[in-house]
Structure formats: C-alpha cells, structure tokens
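See below for the structure under consideration.
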Amino acid sequence: MAFLRRVLVIAAALFMVASLGTAAQAADGTITYVKRTGGDVSAAAQTYNLRNINTGRCLAIRGAANYNGSPAFQHDCGFADQAWTIRHLGSDRWEVRNDYTGRCLSIRSADNYNGSPAFQLDCVLYADQQWFIVDAHDSVGYYLYSILINNVTARCLVVPAAANYNGSPAFQHDCHPNYNDQHWKFVRL
C-alpha cells in the first residue's frame, strides 16, 4: 500500500510539472517538460555544476564538512565542492553524487514535509537518495533547466527565492514549475 501511494504521488508530481509549466509559460513561448530517462544504465555518468536559475549560485557541500548529514547549500560558483556526478540508476531514477566528498544528495524519507533539508549521506542506493530529473526545453528543443524531484517524497529541490545569499540552505518543497527557485541548470564540467 505504501509503495502504491508513493507511485501515485510521484506520478501526480510529474504530471503537475508537465501540465502546469507548459500552460503557464505559453506567453513567453512554449516550454516542454521531459522526464530524463537515461537510456543505458552502464553509460558513463556526467559531472555538472547545479546552478540555481533564480540566484545564479551553485549547489554545494562545504568541502571541510565531509561527513554524513552535512547540509547542501548554495554559494557563488567556482569551487571544487560544487561538482556533482549524475548517474543513471535505471527506472528513470538518478543518483546525485558530490565529487568532492563522494557522498549523495539526500532528503530523509521520514521528513516528508516542505522545508525538510537536503544533505549528503554515504551513497548506498537508499530510495531517498534517488531523484527524478525533469528537463525543460524551449519550442526548438534548446535545454533551459531541470527540476529535481525526490523519489520518496515527490517534492522538488529548492533554494528559496528570498534567500539570495551565499550559504542559503537547499531543501525540498512542493513542486511548482513556475517557481524559478526550483529550476537548476546542469552546467557540464
């Protein structure tokens, strides 16, 4: 029963992202949302900076805080602790691993509420370390940004719009595709 509920919640979140985003953006040109599937699981992982569209800052884990539970936050881009490897796990799920610490981006599955913090944890394929990635493209197919949706909570990774400063924490919140603070540009390194 819990599994079925989780599947329904994730399906609803993906549907909301796909349907609301396209309609709301129609005035500026159509935006198409596509869930990233990854193809071959054995394909090489790619390394990126995850740059928040709203603030222009990158998702980071403080390099000196190389321990489980260390919080994710935003900071001006250009530091080693902001490189993330995105690896396809199959079933449309992705692992987001910090290159500097070797640990994975997580949301505690028991903390299924808005504002629950994002943090790093040893990568052991826990369900709450797995993410759906929804890519946004303009009408000619140009990549615009991505939305990261936690596999367990079906909430989106966010840095709040009003918190446009270095060190602002990353956390989860209900997905609203029109909110730029939930949009992340994957900048390949």
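What follows draws every value from the coordinates through simple rules; no lab data is involved. Everything numeric in this text was worked out from a predicted model, so none of it was measured. Note that each Cβ is placed from the backbone with ideal geometry, even for glycine, and that neighbours are counted across all protein chains shown.
Worth pointing out:
- Distance in nm between pseudo-label sites at Ala110 and Asp135 (7 Å out along the Cβ direction from Cα): 3.7
- Cβ-Cβ distance of Asp76 and Tyr143, R₀ of 25 Å, FRET efficiency by 1/(1 + (r/R0)^6): the value works out to about 0.65.
- Three-way shape call for the range 50-89 based on the alpha-carbon gyration tensor, with the a/c threshold at 1.5: oblate
- The value obtained for the range 26-110, namely the Cα convex hull volume divided by the number of residues, is 150 Å³ per residue.
- What the pair-distance distribution of the range 63-189 shows, using all Cα-Cα distances binned every 10 Å from zero, is 13, 46, 36, 5, 0 percent.
- A simple spin-label model places the labels of Leu189 and Asn166 1.8 nm from each other, with each point 7 Å out along Cα-to-Cβ.
- Förster radius 22 Å - calculated FRET efficiency between Asp99 and Ala64, Cβ distance, rounded to 0.05: 0.90
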